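The values are calculated or read from the model by the stated rules, or taken from the named source; none is laboratory data. Model, not experiment: these values are computed from the prediction. We place every Cβ from the backbone using ideal geometry, glycine too, and count neighbours over all the protein chains shown. Note: areas computed on protein heavy atoms with side chains; ligands, DNA, RNA excluded. Shrake-Rupley method; radii C 1.70, N 1.55, O 1.52, S 1.80 Å.
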Amino acid sequence: MTPRSRISWWRADEGRVSAFVVVLVSAILALAGLTLDGGLALAAKVRANGQAESAARAGAQAIDLAAYRSNGTLRLLPIQAIARAQAHLAAQGAAGTVMISGDTITVTVTAAQPTQLLGLVGITSLSVHGQGSAHPQRGITAIEP
């Protein structure tokens, strides 16, 4: 092969490697983004679950003391329970909804986790949800499922 034919051979491949590198780097960044931002979203979900569970426990402490003292009946005061749960969420800086069904209070927390690397492909935040329930109880006799 002459030097001139080697030069024309190299010129024939111009730009092909650059496109391959761009696609490969984009794919690696997307996978790194899924890993990093997926881990951050999982941590945010665990945090949201903890906030919801603690707010539900705070709300479940709003019992009717008169009924409990007179005949030992544990009954939830719905308005106070909702207020306690919402106050607990506000103190934690969380946003959520509180529902009462019978003597069970259920709190659902919704949060947005900003992304670090997935923003490069247009995903700026991931929505996470956490839920917790509690009801007043006279003592712990067994572990509930």
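Below, the figures for the structure above:
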{"quantity": "Calculated FRET efficiency for the pair ALA91/LEU29, C-beta based, R₀ 41 Å, to 0.05", "calculated": "0.60"}
{"quantity": "Sequence-separation-based contact order of the chain, relative, with Cα cut under 8 Å and 6+ spacing, percent", "calculated": "28"}
{"quantity": "Phi to ³J(HN,Hα) by Karplus 6.51 cos²θ - 1.76 cosθ + 1.60 over the stretch 74-83, Hz, x for Gly, Pro", "calculated": "8, 9, 7, 8, x, 5, 5, 5, 5, 4"}
{"quantity": "Helix axis angle, 16-59 relative to the chain longest principal axis, alpha carbon, degrees", "calculated": "10"}
{"quantity": "Listed residues GLY96, LEU117, GLY59: farthest to the positive end of the dipole of the stretch 12-123 (Cβ charges)", "calculated": "GLY59"}
{"quantity": "Residue-normalised accessible area of the chain, given per residue in Å² at a 1.4 Å probe", "calculated": "68"}
{"quantity": "The chain, accessible surface, carbon-and-sulfur percent (1.4 angstrom probe)", "calculated": "63"}
{"quantity": "Stokes-Einstein D for the chain, Kirkwood Rh over Cα pairs, 37 °C, 0.692 mPa s (µm²/s)", "calculated": "170"}
{"quantity": "Kirkwood Rh, angstrom, the stretch 45-122 [1 / mean 1/r, Cα pairs]", "calculated": "13.8"}
{"quantity": "Span from the the stretch 43-80 Cα centroid across to the the stretch 83-108 one, whole angstrom", "calculated": "9"}
{"quantity": "Order by protection proxy (mean Cβ within 10 Å, highest first), peptides 48-56, 132-140", "calculated": "48-56, 132-140"}
{"quantity": "Residue-span extension gain [SER127 to ASP64] - 0.36 nm each, minus C-alpha spacing", "calculated": "19.0 nm"}
